Amino acid sequence: MASIVLEHITLSYPILGGDKPKVVGPSRLGGAGSVIKDGANRTRSVVALEDISFELKDGDRLGLIGRNGSGKSTLLRIIAGIYEPLEGRARIEGAVAGLFSVGLGVHPETTGFRNIMLSGLMAGYSRAQVTDMMPEIAAFCDLGEYLDMPVRTYSNGMAMRLKFACATAFDADIILMDEWLGAGDPSFQDKAQKRLRKMVDEAGILMLASHNHSVIRKSCNKLAWLDRGRLRAFGDVEEVLAYHDEATRPPAPPAKTKRQIGKERDRAARIEADRERRRQEKRIELKREKRRREKRRQIADAKKVATDVAHDADSTT
Amino acid sequence: MPANYYELGNNQFNAAFADITSGLFRWRLWIALAFEDIRLRFKRTYIGILWTTVSFAFFVAVKVLIFSPFTTVDSAYFTNYVAIGFFAWMFISSLISDGCNVFTNSERWMKGGRLPLTLFVNVSMTRSVILAFFNFIVVAGLMAIYHITPTVTALWSLVVFLLFIVNGFSLHFILGILCARFRDVSHLIQAIMRVMLFLTPIFWLPEQMGDLWKYLSFNPFAHFLISFRDPLLSGTVPWNSFAVVLSFTVVLSLLAFALLAFARRRIIFWL
């Protein structure tokens, strides 16, 4: 039994120390990226999410789309309980497994096996329970003897496999993924897809942030479009995608005026004239070069005749 | 499975209380993480964690050698005086320096999933207690060598040690939160602790100091140290110092709880 209820979630990141963004001129429209200032007109925080409300139930597979910085990751982290909103309420029921960056929640100096154990303990299992599950998890991530080596020595793809296996091995009701489905080699992707499908089918919720619309179409049955920290659309995948594509299509170039057409024609003519002039110059230059070469040859021939005559004179004496 | 229902954005005092209880409840995890830390710290060494014992013994030996000419008491007493005092000091200073880093060093875990802050405090505390245990080997060894038999009153030292743990727990929250928000604090604390080593009666006796002790006794560390050392070494309970320790325990606990309630959900943005 899993459920997610968000009510008017607003979250802003405080800016501490260092360079604070200065807003030159009028601020943008609000939403993500707009800055909050204190009484002394100093920038204090940046809004990441504004007034987000929705509900998800068992079996919901929600895709999240939106440009970089639109608040997708922040929203996932709120549902994971990592960030708590200072305004609004969130009620999350069910064990959450979050797949964010590979490095988070992993001890790089420790072996793969021990990391699996720690993940299990974090998910609330006992040592004995994790030990029982170990062979299956090891088989799933298929890292062989590497599991005895520190995770620091793994390649990025290997670390991802370990992370994925850990996050999904321990029964989770809610799975959160941040740009993850494209990870790993094709055979692992296949396995990962199957496992995810199984977990979601066993009554759970999947939330997936991705820029890849075909992945979203394949894995999700609902879609949310975040635009600068606001929920721009929420609902059926195809409908939201259609709306998104319509709204974000680059505007067609405006029709040309007569004057513009005239200008362009003049410019083309100028370029053509320029080219013709250069061709003419080249032809003249070639002609000159040919004449010069002719002259040099005549001189050389004359010299040769002269020396031959001299040579003949020597040999006769 | 732990309770996996939570509500974000409710009463902060309740949430702070829930953080502490759920953190304590997950003892399997913090013990595993503490042992993992220790394992990594002594990775690929031959004598492993015994290095703490060795370095502690070495330090005590050198200090006794250097400072005993300046003291009036007999050398057996002074050796144990230094060993017990320095043991307590090492424990206190490790609680303070680890407390400063407890949250900044746990960023990787805190950003990976929802875990109570108390859990990280417990990891750090457990680590310090384990290391203290290995330092205590030296203290126990010296007391055996010099035939200093602890009396029943020595159990007070155990009580005071537990108070160290309670205060260390509070200090972890206070310092961990302050150091995460204001990065200068950890440097400041480092500078202070380096000086405090000499202002605390570890290598000298309060009686030696005459009038100066009046001022030196404002140092709270001195009272923590005295109330741990005296019952173990001379079988007396220094009630004045003990009262100081108790009042610190109350004040720090309340402060820690208030600070936790305020900063619990903010700290993730400060890392």
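The values are calculated or read from the model by the stated rules, or taken from the named source; none is laboratory data. Quantities reported herein were computed from a predicted structural model and do not represent experimental measurements. Using ideal geometry, Cβ is built from the backbone for each residue, glycine included, and neighbour counts are taken over all protein chains shown. Protein only, heavy atoms only, side chains kept; ligands, DNA and RNA dropped before computing areas. Shrake-Rupley method; radii C 1.70, N 1.55, O 1.52, S 1.80 Å.
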Number of positions in segment A:59-86 that are over 18 Å from the mean Cα position of the chain (by Cα) and more than 14 Å from every other protein chain (Cβ to nearest Cβ)
4
I'm checking my understanding of the structure. Among residues of segment A:80-102 that are in a loop (DSSP other than H, G, I, E, B) and not small (Gly, Ala, Ser), which one is most open to solvent (accessible area, probe 1.4 Å)?
A:Leu86
A careful count of residues in segment B:99-117 that are surrounded by 22 or more Cβ atoms within 10 Å (Cβ to Cβ) and more than 14 Å from chain A (Cβ to nearest Cβ) gives 3
Just need a number here: residues in segment A:55-66 that are open to solvent by 30 Å² or more (accessible area, probe 1.4 Å) and at pLDDT 90 or above.
3
Checking B:Arg28 against (1) over 26 Å from B:Ile192 (Cα atoms); (2) assigned to a helix (DSSP H, G or I); (3) more than 14 Å from chain A (Cβ to nearest Cβ); (4) not small (Gly, Ala, Ser): exactly one of these is not met. Which one?
(3)
Output the residues belonging to segment B:111-156 that are in a helix (DSSP H, G or I) and over 25 Å from B:Ala34 (Cα atoms).
B:Gly141, B:Leu142, B:Met143, B:Ala144, B:Ile145, B:Val152, B:Thr153, B:Ala154, B:Leu155, B:Trp156
Does A:Val96 meet the test of being in contact (Cβ under 8 Å) with a residue 60 or more places away in the chain, at the interface with chain B (Cβ under 8 Å from one of its Cβ atoms) and not acidic (Asp, Glu)?
yes
Please pick out the residue among B:Ile130, B:Ile96, B:Ile92, B:Ile84 that is away from chain A (no Cβ under 14 Å) and either polar (S, T, N, Q) or open to solvent by 20 Å² or more (accessible area, probe 1.4 Å) (or both).
B:Ile130
Test: B:Leu40 is within 14 Å of another protein chain (Cβ to nearest Cβ), in a helix (DSSP H, G or I), at pLDDT below 95 and within 26 Å of B:Leu163 (Cα to Cα):
no
Sole miss for B:Gly176 among (1) farther than 30 Å from B:Ala18 by Cβ; (2) away from chain A (no Cβ under 14 Å) is condition (1)
Go through segment A:103-155 and count every residue that is within 14 Å of chain B (Cβ to nearest Cβ), assigned to a helix (DSSP H, G or I) and open to solvent by less than 30 Å² (accessible area, probe 1.4 Å).
10
The listed residue being surrounded by 12 or more Cβ atoms within 10 Å (Cβ to Cβ) and within 13 Å of chain A (Cβ to nearest Cβ), out of B:Phe67, B:Phe17, B:Phe59, B:Phe35
B:Phe35
State which residue is nearest to B:Phe161 (Cα to Cα) when the search covers only segment B:237-271 and only residues that are within 14 Å of chain A (Cβ to nearest Cβ) and open to solvent by 60 Å² or more (accessible area, probe 1.4 Å).
B:Phe262
What tally of residues in segment A:218-240 results from selecting those that are open to solvent by 90 Å² or more (accessible area, probe 1.4 Å) and at pLDDT below 90?
1
Read through the list (1) within 21 Å of B:Leu29 (Cβ to Cβ); (2) out of contact with any Leu (no Cβ under 8 Å at 6 or more places or on another chain), then give the number of the only condition that B:Leu119 fails.
(2)
Out of segment B:174-209, which residues are closer than 19 Å to B:Phe70 by Cβ, polar (S, T, N, Q) and within 18 Å of the chain's Cα centre (by Cα)?
B:Thr200
Note: among B:Leu212, B:Leu199, just one is hydrophobic (A, V, I, L, M, F, W, C) and without any contact (Cβ under 8 Å) to a residue 12 or more places away in the chain, namely B:Leu212
Those residues that are without any contact (Cβ under 8 Å) to a residue 24 or more places away in the chain and either surrounded by 10 or more Cβ atoms within 10 Å (Cβ to Cβ) or closer than 30 Å to A:Asp60 by Cβ (or both), I need them from segment A:241-260; list them, please.
A:Ala242, A:Tyr243, A:Asp245, A:Glu246, A:Ala247, A:Thr248, A:Arg249, A:Lys256, A:Gln260
